[in-house]
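Report on one structure; see the data block that follows.
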Amino acid sequence: MNFEKLVQKAKKEYYSIFRGEPPAILIGSATCGISAGANEITKVIEDEITRKNIEARIIPVGCIGSCYAEPIIGIFKNNKEGVFYGPVNKKLVKNIIKKNIIEDKVAKENILGTIQVKETGTRGSFFESDFMKLQSRRILRRCGLINPEDINHYLATGGYTGLLKTLEMGADEIIDTIKRSGLRGRGGAGFPTWLKWDLCRQSNSKEKYIICNADEGDPGAFMNRSLLEGDPHSVIEGILIGAHTIKAKKAYIYCRAEYPAALEKLEKAINDLDKIGLLDIEIVIKKGAGAFVCGEETALIASIEGRRGMPRTRPPFPTTKGLWGKPTVINNVETFAAISLIFQEGVEKFSSIGTESSKGTKTFSLVGDVKRTGLIEVPLGTTLRRVIFDIGGGIKNGGNLKAVQIGGPSGGCIPASMMDIEIDYDSLTSAGAIMGSGGLVVLSDDSCMVEIARYFLEFTQRESCGKCVPCRLGTQQMLLILDDIVQGNGNPEDVETLHEVAEAVKAASLCGLGQTAPNPVLTTLKYFREEYVEHVMNRRCPAAYCRELMHYFIDGKQCTGCMVCSKVCPGNAIVGVKDEVHFIDQEKCLKCGSCMDVCKEGAILKVPGPGGSIES
Amino acid sequence: MQRLKKILKSYHGKREDIIPLLQDVQEEYGYLPENALRELSKVTEVSESQIYGIATFYAQFRFKPKGRKHLTVCTGTACHVKGSEQIIEAIQRRLKIKEGETTPDHEYSLEAVGCIGCCSLAPCAMINGKVISRIKPRQIKRLLPQKS
Ligand SMILES: Cc1cc2nc3c(=O)[nH]c(=O)nc-3n(C[C@H](O)[C@H](O)[C@H](O)COP(=O)(O)O)c2cc1C
Ligand code: FES
């Protein structure tokens, strides 16, 4: 069958879903949806439609971004806009089926909004909600609205037309188009994609490789996972365009083993593509084995080659000497998806948004103490304030914003006072952070910035490959100092020492891991120095977070002796009989805050400073 | 050994297959048994010390069997901020084992892992691969009924 016919057939099939005859039920079934209970919900729906003898189609889709509202379902019936509900539970789902499918009304509970999907585009009240209206979903346009395992859904929505266009173009024209798009790599450093491709293309070698970096080792980030689970073909199409441009016959996708669902979807996508005859290179999926440093390109190459994932000095860069010593292009998952987007929809559309130096949109995982957590996509140049307050809905439980941690272990903490900063590669770097892959962790007053720095140092210290001395010993030294400080054993001169070691590690390390590992320390020292001082001078954690420098305390005036707290305490640390004031055995206390969560009287207080052995 | 032979049969003499082979062995046995590694070294002609060198480099590989219920707690940033340390503490106290250990009756094992990609529903843990999101320390008692 020729491509045109294939697409016609795919369109007919795909758009019929949204006409809702028979009714169609979309279920967000990405890893996040499943962990929120999507599989159980699917089971209930299946049982319910069998039991009630309803004709309906169930379509598993990826994550639409609103993770905070998962599990999410959408119902399309009778040519009307689909209604999306979330979070749903087993009981709610039965009611939704009854109301929305049997009685043809809209169920009232937990409506997220309506969505209409047509060949001309998507619209509906869902996209005008607070969470969505400031976003610009370009890379993620299909996530949550197609079945990622059905290649027809991809073909119906413009899939592989970008590849076909580039097959008619010469490499010059492709590279020039990418240059005009202004696309910079989405893996963190923001290197111009066209330049990397051009360098590799110019390399004189018969054998060349293309690698998709799907390692996403940055803790707290899941953009790459969501994209691979929600729209795997968009990444593969970008890989094929790259292979065609640089003339590579083999591509590798290096994906973390922690992402089994993404690995599965990729494999299915590659097989399906082969079946329709569009796969003209070999694509090999390599499962990572759990080492953060393997996200670094030279380490990743070593890992694919079957060695320990150790970085090496550059130059030579992979574009001249990469996998098996051959010229290699390595790009991030989102970079490849952006390539498909550029060639499917045109370069003008892509570069019409963004800032002068950072074009297009960027996906972020918005997590932490923010009301609406999830996967978002905004034009580059959007301010942090818009992202956190307008899209994310502000801080959870009425707390105050303290800082945003951006860019993972290579990034830094930006204080609440700087929220008007625009998110682009250069402004973040000048603030001491980096764009990184796009993890945005929102921190409220309850977080201790010294502890956050310690957390990242523990991470980088553990993940350092140990090849170069500054990184191996420097991160360890910083961690030891930070451990002392959060435990209340810090000395006044520690703060200066920390600064000196951090600067040395940054300047002298071999690879990006060591060069950026001090960033969390340096930014917190810069913006939150008084918190360090408070820890070392007064042995106090102002946020009442550090375990040794805080304790829980029961206020005898408020306690009614209801025993609720003592029942939930996992450490059996709460002593007291019914109707009498309770107290906390500080020796046994885990400091988990379970008691505070359940106490209706507000009798439990979090107090900075260590507690005595038994409170009176 | 039959199971191991089957895995080793997929080896086509390429250095790049070592890590996937180790992954397959671990998938099959739940850990990397010593004699399997010896066998692997013979078949691939890569020295045992090199194989250990690779296996110890990557966090994924374990050299001791898991418990029947394998608990993994995410220690990624989002989960850390939301208190994964207390979850680990609560499990350690409940099962009287440390992170990385297995209970003497082989019922439970506990492991801390990096981000599992469900950060928006933090904190997260897994029991035999099934994610439990927004887990609270006070759930631990109920989730882990002790045998002894
Ligand atoms: C320690 C370290 C970890 C990295 N982890 C990743 C990662 O998980 N994913 C990624 O795409 N890039 C990661 N990078 C960046 C890559 O080395 C490389 O710059 C990137 O994959 C290039 O793709 P791009 O040009 O499309 O951004 C990491 C770099 C370092 C130094
Ligand atoms: S930080 Fe725990 S799932 Fe990402």
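The values are calculated or read from the model by the stated rules, or taken from the named source; none is laboratory data. Note that the structure is predicted; figures quoted are calculated from it, not measured. Here Cβ is always computed from backbone atoms with ideal geometry, including for glycine, and neighbour counts include all displayed protein chains. All accessible areas refer to the heavy atoms of the entire protein, side chains included, with ligands and DNA or RNA removed. Shrake-Rupley method; radii C 1.70, N 1.55, O 1.52, S 1.80 Å.
Report the Rg/Rh value for the protein assembly as shown, based on alpha-carbon coordinates and the Kirkwood definition of Rh. Provide the component values of the computation, followed by the final result.
Details: Rg = 26.4 Å, Rh = 27.4 Å.
Rg/Rh for the protein assembly as shown comes to 0.96.
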Averaged over residues of A:594-607, the number of beta carbons from other chains lying within 10 Å of each residue's Cβ is 1
Three-way shape call for segment A:285-413 based on the alpha-carbon gyration tensor, with the a/c threshold at 1.5
oblate
For a distance above 19 Å, tell me the whole-number percent of Cα pairs in segment A:162-212 that qualify.
32
Check: C-alpha center segment A:177-226 vs C-alpha center segment A:484-547, spacing in Å is 33
Per DSSP H run of at least 4 residues, take -39500 (n - 2.57); add these up for chain B, divide by its residues and hand me the 222 nm value, nearest 500 deg cm²/dmol.
-11500 deg cm²/dmol
Is there a quick way to get the dipole size of the protein assembly as shown? I mean about its Cα centre, with the Cβ of Lys and Arg at +1 and of Asp and Glu at -1; what is the value in debye to the nearest 20?
1780
Dipole of the protein assembly as shown, positive end: most advanced residue of A:Ile276, A:Cys559, B:Leu71 [Cβ charges, Cα centre]:
A:Ile276
So what's segment A:300-343 giving for Rg/Rh, alpha carbon basis, Kirkwood Rh from the mean inverse pair distance?
1.08
Any aspartates and glutamates with Cα under 17 Å of the B:Lys9 Cα? List them, leaving off those in the same chain fewer than 8 positions away.
B:Asp17, B:Asp24, B:Glu27, B:Glu28, B:Glu39, B:Glu45
Mean residue ellipticity at 222 nm from the helices of chain A, using -39,500 (n - 2.57) per DSSP H segment of n ≥ 4 over the full residue count, to the nearest 500 deg cm²/dmol?
-11000 deg cm²/dmol
Which one, A:Gly159, A:Pro23, A:Asn572, projects farthest toward the positive side of the charge dipole computed for the protein assembly as shown from Cβ point charges (K/R +1, D/E -1)?
A:Pro23
Distance between Cα centroids, segment A:416-447 to segment B:96-135: provide it in whole Å.
30
If you project the alpha carbons of segment A:363-477 onto their three principal axes, what span does each projection cover, largest first, in Å?
44, 29, 24
Peptides ranked, highest mean first, by Cβ atoms within 10 Å: ranges A:504-510, A:434-440, A:271-277:
A:434-440, A:504-510, A:271-277
Which value in Å is the Kirkwood Rh of segment A:6-51 over different Cα pairs?
12.4
Shielding of B:71-78 by partners, i.e. mean partner chain Cβ atoms within 10 Å per residue?
6
Please enumerate, by chain and number, the lysines with C-alpha under 24 Å from the C-alpha of A:Lys52, excluding those fewer than 8 residues away in the same chain.
A:Lys43, A:Lys77, A:Lys80, A:Lys90, A:Lys91, A:Lys94, A:Lys98, A:Lys99, A:Lys105, A:Lys108
With a 1.4 Å probe and all protein chains left in place, how much of the accessible area of chain A comes from carbon and sulfur atoms, in whole percent?
50
Which shape class applies to segment A:98-219: rounded if a/c is under 1.5, otherwise prolate when a/b exceeds b/c and oblate if not, where a ≥ b ≥ c are the square roots of the Cα gyration tensor eigenvalues?
prolate
Trypsin sites (Lys or Arg not before Pro) in segment A:189-236 lying in a DSSP loop, each with at most 10 other Cβ atoms within 10 Å of its Cβ, come to A:Lys206
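Might you report the magnitude of the Cβ-based charge dipole of segment A:457-565 about its Cα centre, with Lys and Arg at +1 and Asp and Glu at -1, to the nearest 20 debye?
Roughly 280 debye for segment A:457-565.
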Summarise the long-distance tail of P(r) for chain B by giving the % of C-alpha pairs beyond 25 Å.
39
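Taking a ≥ b ≥ c as the square roots of the eigenvalues of the Cα gyration tensor of segment A:176-287, is the shape rounded (a/c under 1.5), prolate (a/b larger than b/c) or oblate?
The shape class here is oblate.
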Could you work out how far the C-alpha centroid of segment A:1-49 sits from that of segment A:368-399, in angstrom?
29
Could you size up the charge dipole of segment B:1-51 around its Cα centre, putting +1 on the beta carbon of Lys and Arg and -1 on that of Asp and Glu, and report it in debye to the nearest 20?
220
Along the charge dipole of segment A:271-374, Cβ charges K/R +1 and D/E -1, which of A:Phe364, A:Gly290, A:Phe336 sits furthest on the positive end?
A:Gly290
Rg in Å to one decimal, and Dmax rounded to a whole Å, for segment A:373-414 via C-alpha atoms:
11.1, 30
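Ballpark to the nearest 100 Å², how much total accessible area do A and B bury together, probe 1.4 Å?
4100
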Peptide A:512-519: average number of partner chain Cβ atoms within 10 Å per residue?
0
Give, in whole angstrom and from largest to smallest, the semi-axes √(5λ) of the equivalent ellipsoid of segment A:1-102, with λ running over the eigenvalues of the Cα gyration tensor.
24, 17, 12
Just to check, using Stokes-Einstein with a Kirkwood Rh over alpha carbon pairs, what's the diffusion coefficient of segment A:452-513 at 37 °C and 0.692 mPa s in µm²/s?
282
